[in-house]
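Report on the following structure.
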Amino acid sequence: DQQVKQNSPSLSVQEGRISILNCDYTNSMFDYFLWYKKYPAEGPTFLISISSIKDKNEDGRFTVFLNKSAKHLSLHIVPSQPGDSAVYFCAASDNYGQNFVFGPGTRLSVLP
Amino acid sequence: DAGITQSPRHKVTETGTPVTLRCHQTENHRYMYWYRQDPGHGLRLIHYSYGVKDTDKGEVSDGYSVSRSKTEDFLLTLESATSSQTSVYFCAISGYGISYEQYFGPGTRLTVT
C-alpha cells in the first residue's frame, strides 16, 4: 500500500492561471513534507517544505497547504508559467526528515 | 546547486553481471541515499547511510548492497543484475540535523538485458 498518494497522474493548466497539485497520505505519524519538481533526464529539485506544526508555507509563487486532519497537502503555483511544466513529487517523513516516502508524481503541463 | 555527481550516467549490462554505481558529494553531508525511480512508483529508497560505514536498508533493498568508506562517496552494488533492476537510480544527500531537504544527483540510467 502506498503511504503517499498523488491521485492525479497528470494536470494541464493555462499559463497565468493557478496550478493545484494534491497529495494524500495514510500515516498519521508523518511530521515533515517536501515537494520536488523533476524535469526529464535530471534529478528532482527541492521546491518547498512544511512541517506538521504549520498549515501553510509560502515561497514566491509556490505555497504548500497542510490539512493534518484530512491527511492532505496541496501545492499551489500562482501564476503558472510554461517553465513549471514538469513532474511534481510530494514526500513525507515520520522521523523528521531522516527518511522520506515519495508519492508517484503528477505531471504538470502549463499551456502557453 | 548541491555538489553531487553520479557515475556512470548510463550503463547497459547483461543479466547476472555485477554492477557498481558511484555517488560523490562535495558538501560534506552526513546522510546519503540511493533511490530508484520507476513509472507509477515515484522514488523508492534502496539503502541509506548516516555516516562512514553506517548504512541501513530502505524499502526495496533486496538484490542491492552499499558501502561508504569515505564521507564523500556512497557506492551501490547490484550483486547479480536482473532485468527487474532496469531503472533510473538517483543518489541524494541531506544535511539532516541542519536542514531536512534532500538534494539529488543527476541520475544513472541502468538497463539490464
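The values are calculated or read from the model by the stated rules, or taken from the named source; none is laboratory data. On a predicted model such as this, the values are computed, not experimentally measured, just so you know. Cβ sites come from the backbone with ideal geometry, for glycine too, and all protein chains shown count toward neighbours.
What do you reckon, is A:Phe62 within 15 Å of the chain's Cα centre (by Cα) and within 12 Å of chain B (Cβ to nearest Cβ)? Walk me through how you get there before you give the answer.
Values: within 15 Å of the chain's Cα centre (by Cα): yes; within 12 Å of chain B (Cβ to nearest Cβ): no.
The answer is no for A:Phe62.
Please specify each residue of segment B:28-43 satisfying the condition of being facing chain A (nearest Cβ under 9 Å) and outside any loop (DSSP other than H, G, I, E, B).
B:Tyr31, B:Tyr33, B:Tyr35, B:Gln37, B:Gly42, B:Leu43
Which condition breaks for B:Tyr50 when tested against (1) facing chain A (nearest Cβ under 10 Å); (2) modelled with pLDDT of 95 or more; (3) touching a Phe, Trp or Tyr at 6+ places or on another chain (Cβ under 6 Å)?
Here B:Tyr50 clears every test but (2).
Sort out which residues of segment A:99-112 are in a strand (DSSP E or B), hydrophobic (A, V, I, L, M, F, W, C) and within 14 Å of chain B (Cβ to nearest Cβ), and write them in order of number.
Of segment A:99-112, the ones in a strand (DSSP E or B) are A:101-102, A:106-111.
From what is left, the residues that are hydrophobic (A, V, I, L, M, F, W, C) are A:101-102, A:108, A:110-111.
Result: A:Val101, A:Phe102.
For residues that are surrounded by 21 or more Cβ atoms within 10 Å (Cβ to Cβ) and more than 11 Å from every other protein chain (Cβ to nearest Cβ), scanning just segment A:86-98, find the one that is nearest to B:Tyr33 (Cα to Cα).
Only one residue tops the list, namely A:Ala92.
Give the residues of segment B:30-63 that are hydroxyl-bearing (Ser, Thr, Tyr), surrounded by 20 or more Cβ atoms within 10 Å (Cβ to Cβ) and within 24 Å of B:Val112 (Cα to Cα), sorted by residue number. I'd like the intermediate steps shown before the answer.
We begin by selecting, within segment B:30-63, every residue hydroxyl-bearing (Ser, Thr, Tyr); these are B:31, B:33, B:35, B:48-50, B:55, B:61.
Those still in the list that are surrounded by 20 or more Cβ atoms within 10 Å (Cβ to Cβ) too: B:31, B:33, B:35, B:48-49.
B:Tyr33, B:Tyr35, B:Tyr48, listed by residue number.
Residues in segment B:8-27: is at least one touching a residue at least 60 places away in the same chain (Cβ under 8 Å), within 13 Å of chain A (Cβ to nearest Cβ), in contact with a His (Cβ under 6 Å, 6 or more places away or on another chain) and surrounded by fewer than 17 Cβ atoms within 10 Å (Cβ to Cβ)? Step through it out loud before you land on a result.
Step one: list which residues in segment B:8-27 are touching a residue at least 60 places away in the same chain (Cβ under 8 Å), which gives B:8-19, B:21, B:23, B:25, B:27.
After this cut, where a residue has to be within 13 Å of chain A (Cβ to nearest Cβ) as well, the list is B:9-10, B:23, B:25.
Next, from what is left, pick out any that are in contact with a His (Cβ under 6 Å, 6 or more places away or on another chain): none.
Looking for residues that are touching a residue at least 60 places away in the same chain (Cβ under 8 Å), within 13 Å of chain A (Cβ to nearest Cβ), in contact with a His (Cβ under 6 Å, 6 or more places away or on another chain) and surrounded by fewer than 17 Cβ atoms within 10 Å (Cβ to Cβ), one finds none in segment B:8-27, hence no.
If the requirement is being modelled with pLDDT under 95, surrounded by fewer than 16 Cβ atoms within 10 Å (Cβ to Cβ) and touching a strand residue (DSSP E or B) at 6+ places or on another chain (Cβ under 9 Å), which of these qualifies: B:Asp73, B:Asp1? Even if it seems obvious, please write down each step before you answer.
Working: B:Asp73 fails: modelled with pLDDT under 95.
Only one candidate passes the filter, namely B:Asp1.
Against the condition within 20 Å of A:Ala91 (Cα to Cα), touching a Leu at 6+ places or on another chain (Cβ under 9 Å) and not acidic (Asp, Glu), how does B:Tyr31 come out, does it pass? Give the derivation first.
Numbers: within 20 Å of A:Ala91 (Cα to Cα): yes; touching a Leu at 6+ places or on another chain (Cβ under 9 Å): no; not acidic (Asp, Glu): yes.
For B:Tyr31, the condition - within 20 Å of A:Ala91 (Cα to Cα), touching a Leu at 6+ places or on another chain (Cβ under 9 Å) and not acidic (Asp, Glu) - is not met.
Here are some conditions: (1) within 27 Å of B:Gly95 (Cα to Cα); (2) away from chain B (no Cβ under 13 Å); (3) within 13 Å of the chain's Cα centre (by Cα). A:Ile20 meets all but one. Which one does it not meet?
(1)
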